[in-house]
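The structure under discussion appears below in the form of structure tokens.
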Amino acid sequence: MNTAELKRMANHLRLLAVDMVYKGKDGHPGPALSIADIVSTLFFDEMNINPEDPQWEDRDRFILSKGHACPIYYAALSEKGYFGEKIKDFKLRALGTVFQGHPVMNKTKGVDMTSGSLGNGISIGTGMAIAGKYKKKDYNVFVIVGDGELQEGVCWEGINSAAGHNLDNMIVFVDKNGWQSGGPIEETIGSNNIKERFEAFQWHAQEIDGHDIDAIKEAIANAKAAKGKPSVIVCNCVKGKGLPYMENNNAWHKGVPTDEQYEEAVKILGGAE
Amino acid sequence: MADFKGTREAFAQAIIDMAAEDNRIMFVSPDSLKAMRATKFAELYPEEYVEVGISEQNAVNTAAGLAATGLIPFVGTYAGFLTMRACEQMRTFVAYPNLNVKFVGINSGLLGGEREGVTHQFYEDLGILSNIPNYTILTPADGPQTYHAVKAAAEIEGPVYVRAGSGRETEVYDKDTTFSMDGIRILKEYGNDTLLLSSGFVLDRVLTAAEILKEQGINVIVGDINILYGKDPSKILEAIKKTDKIVTVEDHNVNGGMGAYISKLVVENAPKSVKRIGLTTFGESGPAKEVADVYGFSPENIAKVVAEGLK
């Protein structure tokens, strides 16, 4: 897809995410909208994956470490064709659904790893990346983590280990939107020097606008060109990006749109397919 | 099979032997290479040896990632650093997706960690894992059985935990005796006065207790329980129906381990008296034999508990 198409897809995924939270009456729309442009670029331009063969051994791997943002993930999998016909009503979080409250491996086609308990995606990704090297496969492992999530100690165990193993087949995106469940990160523990922290751990590090598709593409190309080191792309994002009433309003960390807010979302994001 | 002297050496020899034939076998080490006696494995199979540094949660997650691509990683280190520090990773990222990760927890029990003190003695591991679906829990009784348990673990689909010690185990089994998948092996059948069940590295003590009892005219059946919460407990059920009294002996807290498992089977299938010998407190440092004796695992005390139960 070209940049304009990826941008349209990102907004369409945003609409689907809002739609599933609205219909399911539960979920995390703000964190999902924050990463829509990254997810769109990965699933519709970058990743070497095959919806016809979700377990294809040579596929790129994807871990949504901030698993609560899964509405955007489920939307991308559906649009990519993992479930045959595109899903109209995801029945998010309903009893018996494959679209669980957080992503579940072996339950939902296309989900490479269970996630939701924060902090674990990077170290699991290192295992997949080490396996890729061991098996002499040239797949890449992509992980999306939240900036708040980086407060979890096990993240840094994985970051340390990934550098030690020279995992240049691993690219981590940090959704740096400045918010965590309880409030602004600046007011909880403060963690703005993310890029520098990764650099101190011997990672190849870049910082970009996480809503600029071209910048995302370019950063991925740079990351792939950096040999001998894992790569981080710190993405400056807006939580709730795409819907003015949701942007930078942490009430939407978890929340359900009213009928009016849903209509507004359809108006703003609709017809973008 | 090469010779080895304890459970950790048995683990290392087993993965060396398996790696020779199966390139899916990996060893993930949170700086446990020496503790697991696996230096030779790392020399022979440098690509299959994954060192992640002192980071157990990371080790378990790394293994989950390896297993998600079809490999069979073994994570080996101190039992509590796995089942406590990395408990959530063992649950959510291994057991829940039912990944093929194998765990070997050393220094289990008072005997396993005897001189190290409480920080390195783990008598809660089985209780923790028995609450997590999908785990197969293997409790070999000595070094030779650990060798075969580790090999059996690779054959079992899904997560497996093998409980190991630290070299203070007394060998009971022949080297060639494979790991029974029945969950129980009857080692003595002197009579039906009591079914005396052992789990793990106290088996030699239990067998000695059976001899003491025999001299007193009390004739017991001795069984070695080597799988907890296995899929098919039919052989254990057969055994528990043979006597009116049961005594269990395990180097673990009395809650959550073998005694609790047997109590459950008994209550559900053949209600009768079960007396559990095990730990109810934290332990302490000391030489293996003395520590075990003080905490109730002397053959004499085991025999005494059996005899008193018959009064």
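Of the residues in the range B:59-69, how many are of a type in the set (V, I, T), crowded, with 24+ Cβ neighbours inside 10 Å and within 8 Å of chain A (Cβ to nearest Cβ)?
1
Filter the range B:186-222 for residues that are more than 14 Å from B:I302 (Cα to Cα) and in a strand (DSSP E or B) and give the result.
Of everything in the range B:186-222, those that are more than 14 Å from B:I302 (Cα to Cα) and in a strand (DSSP E or B) turn out to be B:I186, B:L187, B:K188, B:E189.
Which pairs do you get when a residue that is farther than 16 Å from B:V50 by Cα, found in the range A:156-172, comes within reach of a residue that is among the polar types (S, T, N, Q) and surrounded by 24 or more Cβ atoms within 10 Å (Cβ to Cβ), reach meaning Cβ atoms under 8 angstrom, with the pair 6+ apart or on two chains?
Note: pairs meeting the criteria are A:D168/A:S231; A:N169/A:N140; A:M170/A:T126; A:M170/A:N140; A:M170/A:S231; A:I171/A:N140; A:I171/A:S231; A:V172/A:S231.
Just need a number here: residues in the range B:1-33 that are part of a loop (DSSP other than H, G, I, E, B) and of a type in the set (D, E, K, R).
Number satisfying all stated conditions: 6.
Counting only residues that are touching a residue at least 60 places away in the same chain (Cβ under 8 Å) and open to solvent by 30 Å² or more (accessible area, probe 1.4 Å), which one in the range B:254-300 is farthest from the chain's Cα centre (by Cα)?
If we take residues in the range B:254-300 being touching a residue at least 60 places away in the same chain (Cβ under 8 Å) and open to solvent by 30 Å² or more (accessible area, probe 1.4 Å), then B:E300 is farthest from the chain's Cα centre (by Cα).
Pairs only if they're at least six apart or on different chains, beta carbon under 8 angstrom, first in the range B:70-90 and under 13 Å from B:F11 (Cβ atoms), second surrounded by 24 or more Cβ atoms within 10 Å (Cβ to Cβ) and of a type in the set (D, E); list them, first residue then second.
B:T77/B:E56; B:A79/B:D125
Being in a helix (DSSP H, G or I), over 22 Å from A:R8 (Cα atoms) and free of Cβ contacts under 8 Å to residues at least 40 places away in the same chain narrows it down to one residue among A:E260, A:E264; which is it?
Going through A:E260, A:E264 in turn, just one is in a helix (DSSP H, G or I), over 22 Å from A:R8 (Cα atoms) and free of Cβ contacts under 8 Å to residues at least 40 places away in the same chain: A:E260.
Among the listed residues B:A79, B:A14, identify the single one that is more than 20 Å from B:L126 (Cβ to Cβ), at pLDDT 95 or above and assigned by TED's automatic domain parsing to the domain that holds B:H120.
Result of the check over B:A79, B:A14: B:A14.
Could you grab me the full set of residues in the range B:34-54 that are in a loop (DSSP other than H, G, I, E, B), open to solvent by less than 90 Å² (accessible area, probe 1.4 Å) and in contact (Cβ under 8 Å) with a residue 24 or more places away in the chain?
Residues satisfying the conditions are B:A35, B:M36, B:A38, B:Y45, B:E48, B:V52.
For the range A:116-132, how many residues meet the condition of being facing another protein chain (nearest Cβ under 9 Å) and either assigned to a strand (DSSP E or B) or open to solvent by 10 Å² or more (accessible area, probe 1.4 Å) (or both)?
3
Need the failing condition index for B:E116 against (1) in a helix (DSSP H, G or I); (2) surrounded by fewer than 24 Cβ atoms within 10 Å (Cβ to Cβ); (3) away from every other protein chain (no Cβ under 14 Å), just the number.
(1)
Would it be correct to say that B:L197 is in the same structural domain as B:R37 (by TED's automatic domain parsing) and not β-branched (V, I, T)?
Here the answer is no, as B:L197 does not meet what is asked.
For the range B:8-28, give me each residue that is within 11 Å of chain A (Cβ to nearest Cβ) and either crowded, with 24+ Cβ neighbours inside 10 Å or more than 30 Å from A:F142 (Cα to Cα) (or both).
B:M26, B:V28
If you take the residues of the range A:187-233 that are in contact with a helix residue (DSSP H, G or I) (Cβ under 9 Å, 6 or more places away or on another chain), touching a residue at least 60 places away in the same chain (Cβ under 8 Å) and not in a loop (DSSP other than H, G, I, E, B), which of them is surrounded by the fewest Cβ atoms within 10 Å (Cβ to Cβ)?
It comes out as A:D214.
Quick one: which residue in A:K135, A:K107 is facing chain B (nearest Cβ under 10 Å), open to solvent by 20 Å² or more (accessible area, probe 1.4 Å) and over 24 Å from A:G24 (Cα atoms)?
A:K135
Which of the following residues is more than 11 Å from every other protein chain (Cβ to nearest Cβ) and charged (D, E, K, R): B:E56, B:E124?
When all the criteria are applied, what remains is B:E124.
Restricting attention to the range A:49-67, report how many residues are touching a residue at least 60 places away in the same chain (Cβ under 8 Å) and either part of a loop (DSSP other than H, G, I, E, B) or surrounded by fewer than 24 Cβ atoms within 10 Å (Cβ to Cβ) (or both).
Here the count works out to 7.
Could you look through the range A:146-189, keep only residues that are more than 14 Å from chain B (Cβ to nearest Cβ) and over 18 Å from A:L118 (Cβ atoms), and pick out the one that is nearest to the chain's Cα centre (by Cα)?
Applying the filter and picking the extreme gives A:I171.
Could you list, in sequence order, all residues of the range B:70-84 that are within 10 Å of chain A (Cβ to nearest Cβ) and out of contact with any strand residue (DSSP E or B) (no Cβ under 8 Å at 6 or more places or on another chain)?
B:G70
Identify, by number, the condition in (1) open to solvent by less than 10 Å² (accessible area, probe 1.4 Å); (2) acidic (D, E); (3) more than 25 Å from A:N169 (Cα to Cα) that A:D37 doesn't meet.
Going through the list (1) open to solvent by less than 10 Å² (accessible area, probe 1.4 Å); (2) acidic (D, E); (3) more than 25 Å from A:N169 (Cα to Cα), A:D37 breaks only (3).
In the range A:31-48, which residue that is out of contact with any Leu (no Cβ under 9 Å at 6 or more places or on another chain) and part of a helix (DSSP H, G or I) is nearest to A:Q180 (Cα to Cα)?
The extreme case among them is A:P31.
If I go through the range B:133-175 residue by residue, how many of them are surrounded by fewer than 20 Cβ atoms within 10 Å (Cβ to Cβ), over 16 Å from B:F4 (Cβ atoms) and among the β-branched types (V, I, T)?
Total meeting the criteria: 1.
The values are calculated or read from the model by the stated rules, or taken from the named source; none is laboratory data. Because the structure is predicted, anything quoted here is derived from the model rather than measured. Neighbour counts run over all protein chains shown; Cβ positions are idealised from the backbone, glycine included. What goes into the accessible areas is simple: the full protein's heavy atoms, side chains included, and nothing from ligands, DNA or RNA. Shrake-Rupley method; radii C 1.70, N 1.55, O 1.52, S 1.80 Å.
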